[in-house]
Amino acid sequence: MNEIQRKALCALCSRYKVEFDEEHYKPAFDLPAGYVAGWVGGPAQKLYVGCSPTGEISS
């Protein structure tokens, strides 16, 4: 995870009022190289997102 992704995901977690934990986001086999994906707020949550190397987030 790069710094741009870290900032974007941290901001998203803040908006959802959940703690940001970098361990919740990993490279995904079904996304392009450089992307990370994971559960906002951890695996018990309901919002799964991907984040591009330039900080664009999609669910």
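Can you pull out the residues in the stretch 11-55 that are under 13 Å from M1 (Cα atoms) and of a type in the set (D, E, K, R)?
Result: D21, E22, E23, K26.
For every residue, the table says whether it meets (1) among the polar types (S, T, N, Q); (2) over 9 Å from the mean Cα position of the chain (by Cα); (3) modelled with pLDDT of 95 or more; (4) at positive phi.
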{"site": "K7", "(1), (2), (3), (4)": "no, yes, yes, no"}
{"site": "C10", "(1), (2), (3), (4)": "no, no, yes, no"}
{"site": "P27", "(1), (2), (3), (4)": "no, yes, yes, no"}
{"site": "G41", "(1), (2), (3), (4)": "no, yes, no, yes"}
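Between a residue in the stretch 46-59 that is over 10 Å from L12 (Cβ atoms) and of a type in the set (V, I, T) and any residue that is modelled with pLDDT of 95 or more and open to solvent by 10 Å² or more (accessible area, probe 1.4 Å), which pairs come within a Cβ distance under 7 Å, given they are 6 or more apart or on different chains?
Listed by first residue and then by second, the contacts come to T54/I4.
Any idea how many residues of the stretch 1-16 are open to solvent by 50 Å² or more (accessible area, probe 1.4 Å) and without any contact (Cβ under 8 Å) to a residue 24 or more places away in the chain?
5
So which residues in the stretch 12-59 are among the small types (G, A, S) and part of a loop (DSSP other than H, G, I, E, B)?
A28, A33, G34, G41, G42, A44, S52, G55, S59, listed by residue number.
Test of understanding: among E56, E19, which residue is open to solvent by 20 Å² or more (accessible area, probe 1.4 Å) and at pLDDT below 95? Steps first, please.
Working: E56 fails: at pLDDT below 95.
None of the other options fit; the residue is E19.
The values are calculated or read from the model by the stated rules, or taken from the named source; none is laboratory data. Only a predicted model underlies this, so the values are computations on that prediction, with no experimental measurement involved. Here Cβ is always computed from backbone atoms with ideal geometry, including for glycine, and neighbour counts include all displayed protein chains. Note: areas computed on protein heavy atoms with side chains; ligands, DNA, RNA excluded. Shrake-Rupley method; radii C 1.70, N 1.55, O 1.52, S 1.80 Å.
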